[in-house]
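Okay, so here's the structure we're looking at.
The values are calculated or read from the model by the stated rules, or taken from the named source; none is laboratory data. Here the structure is a predicted model, which is why all the values come from computation and not from measurement. Counting neighbours? That spans all protein chains shown, and the Cβs are built from the backbone with ideal geometry, glycine included.
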Amino acid sequence: MTRTAAPAEVRKLSDLLEVSQTLGSTLNLKTALHRILEILEQSHGTVSGSVILRDEDTGDLVVEAATGPSAQAARQVRYRVGEGITGRVVQSGRPVVVPRVSREPLFLNRTGVFPKARAGKEEELTFVCVPVKVDTKTVGALGVSLAYDKERNYDEETKFFGIVGSMVGQGLRVQKLVEGERRRLLDENSKLRLELKERYDLRNIVGNSRPMQQVYEQVAQAAPTTTTVLIRGESGTGKELVAHAVHYGSPRAKKPFIKVSCGALPESLIESELFGYEPGAFTDARAQKKGRFELAHGGTLFLDEVGELSGSTQVKLLRVLQEREFERLGGVTPIKVNVRLVTATNKDLETAVKEGSFREDLYYRLNVFAVYLPPLRERRPDISLLADHFVEKYAAAHGKDVRRIATTAIDMLMSYHWPGNVRELENCIERAVLVCEGGVIHAHHLPPSLQTAEVSGTMPRKSLDEALASYEKDLIVDALKTARGNRAKAARLLDSTERIIGYAVQKYDIDCSRFRA
Ligand SMILES: Nc1ncnc2c1ncn2[C@@H]1O[C@H](COP(=O)(O)OP(=O)(O)OP(=O)(O)O)[C@@H](O)[C@H]1O
Ligand SMILES: [Mg+2]
């Protein structure tokens with residue numbers, strides 16, 4: 001290398017650096033290619049340039065980017081592989097140089113870069129075309145024209161443009177990988193969404209007792225609207241299942257369903273989970289983070305165990321519900337969201353309001369449409385349906401051939417009081433499926449907690465006192481239900497006094513608030 005040549009070499013290197021930075025800076029290939037052609041024009045003196053790529057579907061060569069006097073027209077051009085000079089470069093994978101374009105019959109001049117009038121005159125042009133390869137396959141070509149100069153070192157030029165061509169190939173490779181991954185994720189995503197929709201369809205909620213039919217009706221009413229839904233019921237009664245059914249039965253089914261377990265997160269975390277934060281909002285906040293409210297945009301936000309929210313979070317939540325906007329922690333820009341809110345709790349919110357641990361205004365905002373899930377012991381007909389459903393589910397999951405539940409075992413399931421509701425029943429059946437052999441679940445496959453005196457036959461049947469007590473409790477619960485939890489009214493219905501009812505409520509540990517919804 002001579003001393004005088006050095007600046008030209010440096011210039012080439014800096015051009016190459018710029019080309020590689022351009023490719024690395026964006027995933028929009030067209031923009032990057034256009035920018036690269038501009039770099040070549042500005043610092044390498046090309047008159048025109050184009051990048052032509054093979055269309056994967058038709059096999060034709062299509063202009064991806066073009067610069068120069070007739071770039072506009074050039075972008076519409078299509079070639080076949082093997083056709084013209086560009087076609088030959090793609091076919092052979094080797095560069096071609098045409099020192100004087102006007103003397104080359106193969107030169108199709110499809111792009112119109114070289115007007116006939118200019119050919120043969122002092123404006124003679126040189127055309128350099130190099131392959132663009134991904135791995136070892138030629139997928140296109142980079143073609144540039146330069147002012148004809150008989151002193152020009154064609155080898156050097158071809159080498160330089162060859163490097164640019166292979167950089168473009170690298171860029172394409174990365175883009176293909178990213179695009180492939182993106183498509184795979186999209187496919188997987190839509191498959192998972194479909195699965196979710198099927199899984200949480202209302203039809204998958206088992207049970208046809210009257211109280212459950214009422215639940216189905218309520219879900220069907222609420223789902224198509226944007227009403228805020230409050231789901232209540234003891235632990236394990238299926239509140240989360242219903243929350244999903246509300247979302248997947250709504251026009252928002254294709255949008256996100258985002259859940260936040262308010263009870264599981266410490267107070268310091270819950271607000272950053274809900275609203276997100278800006279960098280520097282607190283010591284660990286390095287980058288910006290979107291909150292669940294933002295992630296649920298267009299869809300449904302499910303706040304589980306909403307009764308556990310702290311006072312300060314309740315205030316913030318109330319504000320979002322009233323104004324439909326909020327700021328990220330440490331941020332000042334208000335963010336507008338379109339979110340449907342579904343909440344659930346097993347807590348007695350009315351008492352919490354009375355005691356001052358739950359804000360009354362928030363309570364009214366959340367309790368717009370209430371769905372109450374009755375405990376399993378109040379819908380006994382569902383027990384056997386659910387048991388069969390879980391036998392089928394876990395037999396399939398564990399690959400066991402379990403067909404049915406023996407009568408004695410069914411009796412046990414029916415007479416148990418299920419404090420853990422459907423979740424407890426589900427766990428109990430899964431365990432039974434695992435331990436049973438011979439395809440039938442028998443009484444001894446059920447956990448000890450279910451082996452009541454009656455069923456296991458080790459104790460005499462219910463005493464008269466026990467039977468009367470259970471009858472009395474049933475009557476009182478029924479009356480309270482009709483009276484929506486009002487003891488005075490229930491007392492009148494039973495021709496009794498409020499004092500006696502109050503005493504029985506205490507004795508049988510009846511939760512009156514359950515009937516208020
Ligand atoms: N009607 C039903 N049909 C089928 N499966 C049900 C039904 N109800 C509940 N389950 C199942 O029981 C389990 C508990 O239900 P879920 O998680 O919805 O209860 P939950 O009310 O949210 O309880 P918690 O208050 O403890 O969070 C889940 O595995 C759910 O699929
Ligand atoms: Mg739950």
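Return yes or no: is P256 within 17 Å of V342 (Cβ to Cβ) and modelled with pLDDT of 90 or more? Yes, satisfied. Which members of the range 399-417 meet the condition of being assigned to a loop (DSSP other than H, G, I, E, B) and either modelled with pLDDT under 90 or within 16 Å of ligand 2 (Cβ to nearest atom) (or both)? Within the range 399-417, R403, A406 meet the criteria. For L265, the test of being part of a strand (DSSP E or B) and either surrounded by 13 or more Cβ atoms within 10 Å (Cβ to Cβ) or within 15 Å of ligand 1 (Cβ to nearest atom) (or both) is failed. Report, by residue number, each residue of the range 268-287 that is in contact with a strand residue (DSSP E or B) (Cβ under 8 Å, 6 or more places away or on another chain) and either part of a loop (DSSP other than H, G, I, E, B) or within 16 Å of ligand 1 (Cβ to nearest atom) (or both). The answer is E278, A281, F282, A285.
Just one of the numbered conditions (1) touching a strand residue (DSSP E or B) at 6+ places or on another chain (Cβ under 9 Å); (2) exposed (fewer than 15 other Cβ atoms within 10 Å of the Cβ) is not true of V47: (2). Within the range 225-261, track down each residue that is assigned to a loop (DSSP other than H, G, I, E, B) and more than 14 Å from P374 (Cα to Cα). If the condition is that a residue be assigned to a loop (DSSP other than H, G, I, E, B) and more than 14 Å from P374 (Cα to Cα), then T225, T226, T227, T228, G249, S250, P251, R252, A253, K254, K255, P256 are the ones that fit.
If you check L464, L475, L468 for being within 22 Å of P375 (Cα to Cα) and modelled with pLDDT under 90, only one passes: L475.
When the test is whether a residue is within 21 Å of E179 (Cα to Cα), part of a helix (DSSP H, G or I), free of Cβ contacts under 8 Å to residues at least 24 places away in the same chain and not small (G, A, S), T22 passes it. Looking for something closer than 23 Å to R431 by Cβ, in contact (Cβ under 8 Å) with a residue 40 or more places away in the chain, assigned to a loop (DSSP other than H, G, I, E, B) and more than 29 Å from the chain's Cα centre (by Cα) - is there at least one such residue anywhere in the range 377-390? Scanning the range 377-390, I find at least one residue that is closer than 23 Å to R431 by Cβ, in contact (Cβ under 8 Å) with a residue 40 or more places away in the chain, assigned to a loop (DSSP other than H, G, I, E, B) and more than 29 Å from the chain's Cα centre (by Cα), so the answer is yes. Selection within the range 288-341: residues that are assigned to a helix (DSSP H, G or I) and within 16 Å of ligand 1 (Cβ to nearest atom). The member of this set that is surrounded by the most Cβ atoms within 10 Å (Cβ to Cβ) is V306.
Taking the range 200-259 as the range and being under 16 Å from L301 (Cα atoms), surrounded by 21 or more Cβ atoms within 10 Å (Cβ to Cβ) and near ligand 1 (Cβ under 9 Å from one of its atoms) as the test, the residues that pass are I231, K239, V242, A243, H244. Note on the range 193-214: among residues that are hydrophobic (A, V, I, L, M, F, W, C) and either within 15 Å of ligand 2 (Cβ to nearest atom) or outside any helix (DSSP H, G or I) (or both), the one that is nearest to L425 (Cα to Cα) is V206.
Of all residues in the range 342-376, those being free of Cβ contacts under 8 Å to residues at least 60 places away in the same chain and either within 20 Å of Y216 (Cβ to Cβ) or not in a helix (DSSP H, G or I) (or both) number 5.
Just one residue in the set L186, L172 is surrounded by fewer than 16 Cβ atoms within 10 Å (Cβ to Cβ), assigned to a helix (DSSP H, G or I), out of contact with any Ser or Thr (no Cβ under 6 Å at 6 or more places or on another chain) and not charged (D, E, K, R); that residue is L186.
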